[in-house]
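All remarks here apply to the structure that follows.
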Amino acid sequence: MNIDLRDFEEFPASVAVDFEADSADFGIEGVSFRDLMSLRLTIQKVRDEYYCQGQVMIPVEQECSRCLALFDTDLTGELVFIIKTSLGESVLSKDQGADIIHVEAGRPVVELTEVIRQALILAVPLKPLCDPECKGLCPGCGANLNEETCDCKIEEIDERWEGLKDLLE
């Protein structure tokens with residue numbers, strides 16, 4: 001995804017773009033893109049710096065961490081970065097926690113793929129759930145407890161009391 005800063009005559013400027021993205025280009029593990037990616041940005045210019053903030057959203061398919069079923073959800077990532085025009089080539093760096101993209105002054109075209117990728121990685125939940133009330137899989141037989149019940153008798157044993165069991169014998 002590229003943005004040409006020469007396209008904007010007045011600031012603050014707003015950008016709203018929907019584009020097709022490939023899961024492989026972004027390399028986010030455990031996530032499959034289903035539809036168009038939406039990018040919304042507000043750009044403010046101060047001298048040779050462009051302050052950008054916005055949001056990226058894409059519908060995805062993920063695997064539930066409890067029942068292993070695939071489900072559809074949306075990933076929404078927050079974008080905050082600075083674009084600095086300079087005499088050198090384009091580089092992405094960090095300064096005091098903010099992403100800074102350095103672009104050549106004569107060619108202010110900015111590649112946003114890495115910034116978008118990082119925002120989406122941060123938006124991926126550690127344990128994605130198809131439903132907050134998901135019952136998961138039976139540890140005995142592996143049945144999906146959301147769809148069926150099983151007759152497994154799983155005895156929960158508190159290992160701290162195991163030593164006392166010998167006293168009863």
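The values are calculated or read from the model by the stated rules, or taken from the named source; none is laboratory data. Keep in mind it's a predicted model, so treat the numbers as computed, not measured. Heads up, the Cβs are rebuilt from the backbone with ideal geometry, glycines too, and the neighbour counts pull from every protein chain shown. With ligands, DNA and RNA removed, areas are computed over all heavy atoms of the protein, side chains included. Shrake-Rupley method; radii C 1.70, N 1.55, O 1.52, S 1.80 Å.
Looking across segment 99-137 at every residue that is without any contact (Cβ under 8 Å) to a residue 12 or more places away in the chain and closer than 24 Å to E49 by Cα, the one that is surrounded by the fewest Cβ atoms within 10 Å (Cβ to Cβ) is identified as G106. Filtered by the rule that a residue be open to solvent by 30 Å² or more (accessible area, probe 1.4 Å), in a loop (DSSP other than H, G, I, E, B) and in contact with a helix residue (DSSP H, G or I) (Cβ under 8 Å, 6 or more places away or on another chain), segment 1-38 gives M1, G27.
Every residue in segment 146-163 that is assigned to a helix (DSSP H, G or I), among the acidic types (D, E) and open to solvent by less than 100 Å² (accessible area, probe 1.4 Å), please.
Residues of segment 146-163 assigned to a helix (DSSP H, G or I): 159-163.
Next, only the ones that are among the acidic types (D, E) stay: 159, 162.
E162 - this is the single residue of segment 146-163 that is assigned to a helix (DSSP H, G or I), among the acidic types (D, E) and open to solvent by less than 100 Å² (accessible area, probe 1.4 Å).
Within segment 60-78, does at least one residue satisfy the condition of being out of contact with any Cys (no Cβ under 8 Å at 6 or more places or on another chain), modelled with pLDDT under 90 and in a strand (DSSP E or B)? Within segment 60-78, not a single residue is out of contact with any Cys (no Cβ under 8 Å at 6 or more places or on another chain), modelled with pLDDT under 90 and in a strand (DSSP E or B). Could you tell me whether segment 41-59 includes any residue that is closer than 30 Å to A143 by Cα and modelled with pLDDT of 90 or more? Yes: one or more hits. A residue that is within 19 Å of G27 (Cα to Cα), in contact (Cβ under 8 Å) with a residue 40 or more places away in the chain and open to solvent by 50 Å² or more (accessible area, probe 1.4 Å) cannot be found anywhere in segment 49-61.
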